[in-house]
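> Quick one: the structure is below, questions incoming.
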Amino acid sequence: KLLALLGYLLIWDFVGVFGSYRRSASRCTSIPRNMALCYDIGYTEMRLPNLLDHETMTEAIQQSSSWLPLLARECHPDARIFLCSLFAPICLDRVISPCRSLCEAVRGSCAPVMACYGYPWPEILNCNKFPEDHELCIASITNESTSSRRMPRASCRDCELEEPSSPKEILENFCTSDFAVKIRISRKNKTSAIADFDLDSKLEVLKHGPLLKTEAHPKLQQWLDLDATCVHNIMRGTNTGVYVISGDMQSGKIVVHKAYAWHKKNRNLQTAARRWKHYKCRKDLGFKKNPRS
């Protein structure tokens, strides 16, 4: 499920995680593109060993990738900054840790999401280990008291392939969704568990709503790269497939709620796709007369 890849983080055997940081042996190195969590974070060089005592870049990349599914849930706007301050600390004259308040803010929003799947906040990220705000540390960027961004609530439901009972069920789902798109997904390789899917250049937008046609492909590829759990649930171990997905746009990003496999046996889906062009959404659902706009 969502945090299956995070499970092993809870049994890491770190002794004095932050106190044992070896400054004398530390070195600066470029953040590689395949370190998806922290690449393009705003600085280009990081220190190794990092604040979690990862001595090699390979280890840092492997361990950091396990947090991508949680990050994809956008549980807190500063979650990436907090995690990268540990996995890829900025290369300055001295080591700078995240502030305790930053840790507490991220933990407050993200720990409930982890708890949905039976994982507590890891002891290695115990906020009491971090310095207080009056010390030199990385503070929270988001001012939660004045920010208009509502902190997301924990959701314990992952997207899965749907088995609709009728074309009408699919059509009504399209009505209640911001967008509906027919796409082809292919697996890049068989070894990586994170961000290893490609989106075919050809896609069919059934309903675009706020998902602009010119942005459809990059937004969908972003979803593939970040929402690893959802994609794995949809693919169910296959290497390629055609799907109709639907969902909403939230803060400029795609959130998929339902997915249907496109194949000959799925008559309900094929019928719904043909009827959608002329289908009228019920007014009591609060939708415009033109459901495809």
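> Taking the Cα centre of region 167-285 as origin, work out the dipole magnitude from +1 charges on Lys and Arg Cβ and -1 charges on Asp and Glu Cβ, in debye rounded to 20. Let's see the in-between values first.
Numbers: 22 positive and 12 negative charges, 137 e Å.
The dipole magnitude comes to about 660 debye.
> FRET efficiency for His134 and Asp40, Cβ-Cβ distance as r, R0 = 25 Å, nearest 0.05? Walk me through the intermediate numbers first.
Numbers: r = 31 Å, r/R0 = 1.23.
Using R0 = 25 Å, I get an efficiency of 0.20.
> I would also like to ask the following. Does region 33-110 classify as rounded, prolate or oblate by the C-alpha gyration tensor (a ≥ b ≥ c root eigenvalues; a/c under 1.5 gives rounded; else a/b over b/c gives prolate, otherwise oblate)?
Working: a/c = 1.77, a/b = 1.25, b/c = 1.42.
Since a/c reaches 1.5 but b/c is at least a/b, the shape of region 33-110 is classed as oblate.
> Which links in Lys202/Lys280; Lys253/Lys283; Lys168/Lys213; Lys253/Lys280; Lys168/Lys207; Lys168/Lys202 stretch past 22 Å when you go from one Cα to the other?
Numbers: Lys202/Lys280 27 Å; Lys253/Lys283 27 Å; Lys168/Lys213 25 Å; Lys253/Lys280 27 Å; Lys168/Lys207 16 Å; Lys168/Lys202 26 Å.
Too far apart for the 22 Å limit: Lys202/Lys280; Lys253/Lys283; Lys168/Lys213; Lys253/Lys280; Lys168/Lys202.
> Taking neighbour counts of Cβ atoms within 10 Å as a proxy for exposure, in what order, fewest first, do Tyr39, Tyr243 appear? Display every interim value, and only then the final one.
Numbers: Tyr39 15, Tyr243 20.
So the residues, fewest neighbours to most, are Tyr39, Tyr243.
> Any idea what the dipole of region 26-69 comes to, in debye rounded to 20, about its Cα centre with Lys/Arg Cβ at +1 and Asp/Glu Cβ at -1? Before the final figure, lay out the partial values.
On the way: 3 positive and 5 negative charges, 18 e Å.
Using only the charged Cβ atoms, the result is roughly 80 debye.
> Rank the residues Asp78, Asp93, Asp200, Asp248 as a footprinting-exposure proxy: fewest other Cβ atoms within 10 Å of their Cβ go first.
Details: Asp78 20, Asp93 5, Asp200 12, Asp248 16.
Fewest-to-most Cβ neighbours within 10 Å comes out as Asp93, Asp200, Asp248, Asp78.
> Can you give the extra length, in nm with one decimal, that the chain gains between Ser201 and Ser101 once fully stretched, where that is 0.36 nm per residue apart less the Cα-Cα distance?
The span from Ser201 to Ser101 would gain 31.7 nm if fully extended.
> If every alpha-carbon in region 167-285 counts as one equal scatterer, what log10 I(q)/I(0) does Debye give at q = 0.10, 0.11, 0.18, 0.22 1/Å?
-0.29, -0.35, -0.93, -1.33
> If the cut-off is a Cα-Cα distance under 14 Å, which aspartates and glutamates reach Lys265, setting aside same-chain residues fewer than 8 apart in sequence?
Within the straight-line limit of under 14 Å, Lys265 reaches these aspartates and glutamates: Glu162, Glu163.
> Express in whole angstrom the spacing between the alpha-carbon centres of region 26-45 and region 221-263.
27
Rule-based calculations on the coordinates, nothing more; no lab input. Not measured: the values here are computed from a predicted model. Cβ atoms come from the backbone with ideal geometry, glycine included; neighbour counts cover every protein chain shown.
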